[in-house]
Structure formats: structure tokens, C-alpha cells
Amino acid sequence: MSLNWVHSSVESSCVPEATACKLGEYNSIALDPANHYPAVAYTYFDAYSNDTIQYSAYNGSSWVNDLDVPAMSNPTFVSLGIDSASHPHLAWNESGLRYSQRDGTGTWSTPNPAVDSSTTAGQPVSLALSSDIAKVVTYDPATGVLAFLGRDRYGNWLSPVTIATQGHDVGSCTSLAMDKFGQANISYFDKTNN
């Protein structure tokens with residue numbers, strides 16, 4: 001059986017007069033559980049300090065861009081999840097671990113204060129949803145700590161659970177998936193112990 005990949009360009013150019021443009025350097029993809037169409041979140045940097053996160057969702061025939069994601073400056077390590085009501089959730093690093101979700105009116109929640117205020121928390125971060133509630137696994141290269149954080153059903157962030165603290169090479173690449181029982185499944189790179 002042969003598989004053919006279908007390529008689709010979400011956005012292919014920067015502001016015409018922009019120099020030193022980086023489009024999609026950090027990116028994440030998720031499927032909308034309601035219609036199974038993809039959506040992407042990605043960073044946009046240019047020489048005019050237009051450092052933002054872009055969110056685009058495929059509607060079956062074209063990509064629809066949402067330019068109102070509330071990133072402020074130099075966002076990195078973007079992770080995207082979509083809940084059962086088709087609301088996107090984002091986690092990223094921006095002078096700390098940030099989180100925002102878009103509600104049914106199209107408004108994004110304010111990502112302040114930071115979920116974790118350490119400036120390097122969330123380098124990288126992986127977000128997953130469990131019963132539409134955000135969970136993240138995050139690595140902080142300054143401390144060498146890999147941690148799991150989750151929100152409760154009221155939207156409050158719970159205290160982090162440390163997964164690994166064995167130095168700067170344990171947890172630097174990480175991914176999170178939540179199973180049907182609400183249990184976190186985490187993979188990460190462990191250079192120290194191979």
C-alpha cells in the first residue's frame with residue numbers, strides 16, 4: 001500500500017517589507033475532535049518586533065487565520081490542543097510558561113500571570129487535554145527540572161509534580177498524551193542516562 005502526502009501551505013510569506021522573518025519556527029498541530037480538521041499554532045518573528053503566535057484552523061476548503069492570540073514578545077515552544085467544543089488551548093514560553101484558551105466568542109484568555117514565572121520554564125512545553133482540561137509537561141533548562149502541571153475543573157493551576165531533576169540533559173525534549181483514564185503519559189529525552 002502506498003501513501004501519498006498532501007501538502008498544504010497555511011501561510012507562506014511575511015509582511016512584505018519585513019526582514020529577518022521567521023515564520024513557523026516553533027509550531028504545533030492538533031485535530032479538532034468535532035470535525036477532524038487540522039489546526040496549527042506557530043510563531044511569527046520579523047525585524048519590526050512583530051513577534052506573535054498565529055493560530056489557523058482548516059475549515060474543509062481553506063485555512064482561517066486568527067491574529068488575536070495574546071502573546072506579547074518573543075514567544076517560543078508553542079503547544080496546541082483543541083477541546084471537544086472546538087476551543088483551542090495554547091501553552092508556550094514567553095519569559096515564563098504561558099497558557100491561553102479561546103472561548104466560544106472567539107476571545108483568548110489573558111496569559112498573565114505566567115503559569116510558571118521562571119523565564120526559562122516551558123523550553124519546551126507539551127500540552128494535552130483530559131476531559132477538556134489542560135495539562136502540560138514542561139522543562140526548565142535553567143534548573144534541569146521536568147514537571148507536570150494540570151488545571152482543576154475550576155480553571156486553577158495545581159502545584160507542579162516533579163518528574164525528573166537529574167540535570168540539564170534529562171527532559172529537554174518532551175511530549176505529553178492523556179489517556180482515557182485521565183492518566184498522563186510522558187516521553188522525554190534523557191541524554192545523561194542514555
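Remarks
- Each 5 Å bin from zero holds the following percent of Cα-Cα pairs in the range 43-139: 3, 14, 23, 25, 20, 10, 4, 1, 0.
- Simple spin-label estimate for Asp66 and Val161 gives 2.8 nm between the two label positions (7 Å along the Cα-to-Cβ direction from each Cα).
- Cβ crowding within 10 Å averaged over residues, with 64-71, 29-36, 135-142 ranked highest first: 135-142, 64-71, 29-36
- Computed FRET value (nearest 0.05) for Ile186 with Asn74, which takes r as the C-beta separation and R₀ as 25 Å: 0.40
- Dipole-positive endmost among Phe45, Val136, Phe181 within the chain (Cβ charges, Cα centre): Phe181
- Per-residue HN-Hα couplings for the range 142-156 [Karplus 6.51, -1.76, 1.60; θ = phi - 60°; Hz; x = Gly/Pro]: 5, 10, x, 9, 9, 9, 10, 10, x, 8, 8, 5, 9, x, 8
- Unit charges on C-beta of K, R, D, E only; dipole of the chain, Debye: 380
- Charge dipole of the range 1-158 about the Cα centre (unit charges at C-beta), most positive-ward option of Ser117, Ser73, Gly155: Gly155
- Shape category assigned to the chain from the gyration tensor of Cα positions, a/c cut at 1.5: rounded
- Highest average packing first - 72-84, 177-189, Cβ atoms within 10 Å: 72-84, 177-189
- Amide proton proximity set for Ile163, modelled H, under 5 Å, gap of 5+: Leu146, Ala147, Phe148
- Subtracting the Cα-Cα distance of Tyr154 and Leu3 from 0.36 nm times their residue separation leaves 50.0 nm of extension gain.
Only the coordinates and a few stated rules stand behind these numbers; no lab work does. In this text, all values refer to a predicted model and were calculated from it rather than measured experimentally. As a convention, Cβ positions derive from the backbone with ideal geometry for all residues, glycine included, and neighbour counts pool all protein chains shown.
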